[in-house]
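*Asks:* Pasting in a structure now, in structure tokens, and then I'll have a few things to ask.
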Amino acid sequence: MPAKTFSKIAWRESRCNPKSVSAVRSTGYPDIGLLQIQGSWRTVTRQVCRLKPSESHVKALTRLSCHLAVARYLYQNGGLGHWKGSSK
């Protein structure tokens, strides 16, 4: 993941706050963490972060290690398109 690009996205999306959680969106979930990953990515988050069935994917996305692993997965499977308005 390009550090310069993602540092700009992190500042824009959460002001570099890994615990940032937005209001609930139309998907029924908030945007979460440093890069404001959509909470609707629950299946991906569960798989990438190897969550137990009882673990909250929303809470897991506030852990930096899980958040960055999901961001990497999204970047590798769709590029910067997952972050609208991102600069290249």
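Laboratory data are not the source of any read-out in this text; all were calculated from the coordinates shown. This structure is a prediction, so every number in the text was calculated from the model and none was measured. All Cβ positions, glycine included, derive from the backbone under ideal geometry; neighbour counts span all protein chains shown.
*Asks:* Of P53, G33, P2, which is farthest on the positive side of the dipole of the chain, counting Cα position, with +1 on Lys and Arg Cβ, -1 on Asp and Glu Cβ, and the Cα centre as origin?
*Replies:* P2
*Asks:* Quick one: grab the alpha carbon gyration tensor of the chain, order the square roots of its eigenvalues as a ≥ b ≥ c, and give me rounded if a/c is under 1.5, else prolate or oblate depending on whether a/b is larger than b/c.
*Replies:* prolate
*Asks:* Subtract the Cα-Cα distance of R25 and K84 from 0.36 nm times their separation in residues, and report this length gain in nm to one decimal. Write out the running numbers ahead of the final one.
*Replies:* Working: separation 59, 0.36 × 59 = 21.24 nm, distance 1.52 nm.
So the extension gain works out to 19.7 nm.
*Asks:* With angles folded into 0 to 90 degrees, how steeply does helix 64-76 sit against the dominant principal axis of the chain? Use alpha carbons for both and round to 10.
*Replies:* 60 degrees
*Asks:* Which cysteines in the chain lack any other cysteine whose Cβ sits under 4.7 Å from their own Cβ?
*Replies:* Lone cysteines by the Cβ rule: C16.
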